[in-house]
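Take a look at the structure below.
The values are calculated or read from the model by the stated rules, or taken from the named source; none is laboratory data. The structure displayed is predicted, hence computed values, not measured ones. Note: ideal-geometry Cβ built from the backbone for every residue, glycine included; neighbour counts use all protein chains shown. For accessibility, only protein heavy atoms count, side chains too; no ligands or nucleic acids. Shrake-Rupley method; radii C 1.70, N 1.55, O 1.52, S 1.80 Å.
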Amino acid sequence: MSADLLTPAIAAAPGVRVRRRPVTLVACLAILGAALFAVLFGHLLFPNATQVNVLASQLPPGSPGHLLGTDQLGRDIVALSVAGAASTLIGPLVVAGGSMLVGTFFGLLAGFRQGKTDFLLSRVTDLLLALPVVLLGLVVAGIFGASYWWTTVLLIVVFTPYDIRIVRSGVIEQVTKPYVEAARMLRLSSWRIMFRHLLVNLWPLERTNFLLNYANAIIAMSALSFLGVGVQEGTANWGRQLIDGEQILFSNPAASIAPAVLIIVVACAVNLLADALNADDRKAVRP
Amino acid sequence: MAPLTDVMDSADLAPPVRATSTAGAIARLIAWRVVGAIVLLAVISVLVFLLTYISPGNIIKNITGIRPVSPRIVAALRAQYGLNQSLVMQYLHWLGRFLEGNWGRSIEDQTSVSQLFSERVGVTLLLCGLAFAAAVLVSVPLGVIAAVRVGGVLDRLISVSSVIGLSAPSFAVGLILLYVFCYYLPIFPSSGAGQGLADTVYHLILPAATLAIGVGAYIVRLTRTAMVRELQSDYVSFARARGIGTRRILATALRNGIIPVITTMGLVLSFMVGSTILVETTFTLPGLGMLLQSSVEYKDFAVVQFLTLFFAAIIVLVTLAVDLSYLALSPEWRWQLRK
């Protein structure tokens with residue numbers, strides 16, 4: 001290693017990417033736009049996506065009329081994948097939104113009140129963090145035979161501790177700032193300080209965390225569908241397509257590779273969007 | 001983490017004067033951590049125990065599975081499982097049996113859970129060990145390179161790859177690898193765990209690579225963040241100003257930078273446990289993860305309860321061990337010991 005190796009590390013500002021072309025941002029937004037289109041209009045474009053057609057079973061990719069072939073039930077892979085966007089992407093959105101709301105409420109409470117409230121909340125958080133999301137989801141949703149929406153609720157419960165922790169640490173950092181002290185001097189109620197003053201300043205944190213949670217929720221929920229939990233058999237869903245497709249991996253690889261790639265691409269786009277917005281933020285703050 | 005920083009701060013301010021109180025604080029902290037871990041495990045065990053009671057359907061059905069049972073057998077089972085006792089007594093008996101190593105029998109074929117466990121634990125351990133070793137060997141150097149070249153092309157490349165690695169669920173990666181290396185370029189077996197050590201390792205290469213991608217991406221991020229912070233700290237600038245070689249500076253920075261990476265080992269382990277369920281299912285490996293998946297499917301309560309508690313115990317104990325070793329390795333604690 002040459003001596004000048006260390007120079008960039010010292011020259012650059014904390015964690016900043018020196019020059020970030022907006023290419024990543026545009027690509028992410030394009031991918032998410034396409035995904036949104038599929039979520040909103042997928043069922044209109046392919047109303048018969050889940051219809052079984054035994055005559056066209058396991059056609060390989062490139063078959064006439066079926067660009068990516070069909071699965072063992074004769075369902076067209078392209079149609080199934082487009083129609084599957086809704087059930088793959090809406091549940092996780094609810095998970096990320098729900099855990100953000102609940103997590104913000106309790107995180108503010110824990111960080112601002114501290115003391116007993118904080119202690120109690122932190123112990124509940126520890127309990128939920130002791131087990132991996134996939135294991136908790138598999139055992140609880142699997143044993144109870146949870147439906148799609150109950151699985152969503154379960155994931156909100158499992159994701160909330162992370163939100164509580166992050167919001168709590170954000171609040172603890174903010175509480176010492178002069179504006180909070182000023183608000184306290186004015187004898188504003190603690191609820192007003194928490195939800196009018198602190199909340200605004202937590203926004204960048206919340207936004208990044210929401211996006212990261214969304215990506216993780218997409219992965220977690222497809223993982224559960226892949227394990228046969230949360231999504232009924234026969235539903236158009238990328239995780240479900242993966243287990244069904246694995247059985248015919250060698251006769252029509254597209255049946256499972258297509259949804260696998262879709263999950264990776266969408267989760268990546270969400271994660272990179274979070275990174276890009278974060279970098280912009282840091283640039284904006286710095287003079 | 002808050003109590004820990006308190007101790008460190010007070011130690012930094014006045015170590016000689018407050019020596020005894022610092023030692024006392026550390027001892028109290030250790031005691032708290034141990035008690036906390038025990039309480040956590042106790043609560044988890046209660047929840048796991050209650051799983052059979054709050055799950056839908058009749059408790060006897062949950063024990064016997066879907067086979068038809070006569071009233072006589074129901075009565076015998078009620079007596080055998082102590083279902084006529086209070087819930088608290090039942091829990092204590094269950095816990096007692098569990099701690100003795102009597103983990104019950106699988107409802108599927110009446111094999112004892114301990115036998116199922118010992119048959120399967122090897123594959124999972126080997127899989128996680130291989131994946132962890134590969135992930136650490138590749139990711140720590142990559143994280144350091146990215147941190148050294150922060151903002152550069154290489155850093156961007158490594159950072160973006162780590163995001164992709166984190167965004168790619170292990171089952172999706174596994175399926176793609178399965179197709180590429182078992183069908184397109186058939187060099188690896190597609191399922192099973194093989195016979196004998198060499199063959200088993202050969203069967204585990206693809207699953208371990210799948211697992212390592214996720215874990216590795218996580219470790220790259222941790223290492224990069226920690227190293228960027230270290231390389232920007234004053235002691236690095238001063239060391240450079242004094243003309244100390246790059247190699248030595250990097251070695252020192254790495255020794256400091258690796259601490260936050262080690263303290264998150266509990267999270268890494270938790271991540272691996274979750275992923276190993278998916279990877280084993282993808283590659284049909286007869287390990288603990290696949291056992292858990294199939295027992296949930298068949299509502300095999302004894303197995304599900306045992307495995308859940310087993311994984312929770314491992315994660316809680318490793319987190320505790322990491323916390324304690326961090327304390328033991330902290331300079332302040334060493335200083336106390338030397339005295």
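Structural remarks
- Estimated [θ] at 222 nm from DSSP helical runs (n ≥ 4, -39500 (n - 2.57)) normalised by residues in chain A, nearest 500: -23000 deg cm²/dmol
- Computed with the Debye formula from one identical point scatterer per Cα of chain B, without solvent, the log10 of I(q)/I(0) at q = 0.12 Å⁻¹ comes to -1.03.
- Candidates B:173, B:258, B:302 compared by Cα position along the dipole of chain B: farthest toward the positive end lies B:258, with charges placed on Cβ.
- Helix axis angle, B:153-167 relative to chain B longest principal axis, alpha carbon, degrees: 10 degrees
- Kyte-Doolittle mean at least 1.0 and Cα axial length at least 15 Å: DSSP H helices in chain A: A:23-45, A:77-113, A:133-144, A:254-285
- With Cα atoms, 0 to 90° folded angle of helix B:19-54 axis to chain B main axis: 30 degrees
- Considering helices alone, the calculated mean residue ellipticity of chain B at 222 nm is -26500 deg cm²/dmol, with DSSP H runs of length four and up weighted by -39500 (n - 2.57) and normalised per residue.
- Prolate/oblate/rounded label for the stretch A:94-145 (Cα gyration tensor, a/c 1.5): oblate
- Folded to 0 to 90 degrees: helix B:71-80 orientation relative to chain B principal axis, Cα: 40 degrees
- Inverse mean reciprocal Cα-Cα distance (Kirkwood Rh) of the stretch A:23-285, Å: 20.2 Å
- Centroid-to-centroid separation of the stretch B:33-47 and the stretch B:261-298 [C-alpha atoms, Å]: 22 Å
- Threshold 50 Å², the stretch A:223-256 residues less accessible with all protein chains present than alone (1.4 Å probe): A:226, A:227, A:246, A:249, A:250
- Computed from label points 7 Å out along Cα-Cβ, the spacing between residue A:36 and residue A:114 is 4.1 nm.
- Solvent-accessible area lost on pairing A with B (1.4 Å probe, both sides summed) amounts to about 5000 Å².
- Approximating the spin labels as points 7 Å out from Cα along Cα→Cβ, the residue B:184-to-residue B:248 distance works out to 4.9 nm.
- Over the stretch B:254-297: Kirkwood hydrodynamic radius from C-alpha pairwise inverse distances, Å: 11.8 Å
- The stretch B:89-123 versus the stretch A:177-215: alpha-carbon centroid distance in Å: 49 Å
- Of the residues making up the stretch A:124-148, those losing 50 Å² or more of accessible area when the isolated chain is joined by the remaining protein chains, with a 1.4 Å probe, are A:127, A:130, A:131, A:132, A:135, A:138, A:139, A:143, A:144.
- Distance between the pseudo-spin-label points of residue A:149 and residue B:46 (7 Å out from Cα toward the beta carbon): 3.1 nm.
- In the stretch B:114-332, Cα pairs under 8 Å separated by at least six residues give a relative contact order of 27 percent.
- Where B:159, B:237 fall by accessible area, highest first, once all protein chains stay in place (1.4 Å): B:237, B:159
- Calculated FRET efficiency for the pair residue A:173/residue B:88, C-beta based, R₀ 51 Å, to 0.05: 0.70
- A 1.4 Å probe run over chain A, with the rest of the protein chains in place, finds 46 Å² accessible per residue.
- Overall form of the stretch A:166-287 per C-alpha gyration tensor (a/c, 1.5; a/b vs b/c): prolate
- Candidate residues B:98, A:46: accessible-area rank, largest first, probe 1.4 Å: A:46, B:98
- Distance from the stretch B:215-254 to the stretch A:128-175 (C-alpha centre basis), Å: 34 Å
- Solvent-accessible surface (1.4 Å probe) assigned to residue B:323 amounts to roughly 40 Å².
- Exposure of residue B:108 as accessible area (Å², to 10), given a probe of 1.4 Å and all protein chains: 120 Å²
- Relative counts (whole %) of C-alpha pair distances in the stretch B:204-255, using bins that are 5 Å wide: 4, 19, 20, 15, 11, 10, 9, 6, 4, 1
- Ranked from largest to smallest solvent-accessible area, with a 1.4 Å probe on the protein heavy atoms, A:121, B:307, B:254 come out as B:254, A:121, B:307.
- For the stretch A:137-207, the spread of Cα positions along each principal axis, largest first, Å: 53, 19, 16
- Binning the alpha carbon pair distances of the protein assembly as shown at 20 angstrom intervals from zero yields the distribution 17, 49, 30, 4, 0, expressed in whole percent.
- Note on residue A:87: accessible area approximately 30 square angstrom, rounded to 10, probe 1.4 Å, nucleic acids and ligands left out.
- Accessible surface area normalised per residue over chain B is 49 Å², counting heavy atoms of protein chains with a 1.4 Å rolling probe.
- Surface composition of the stretch A:61-205: carbon plus sulfur atoms contribute 71% of the solvent-accessible area (1.4 Å probe, protein chains only, all chains present).
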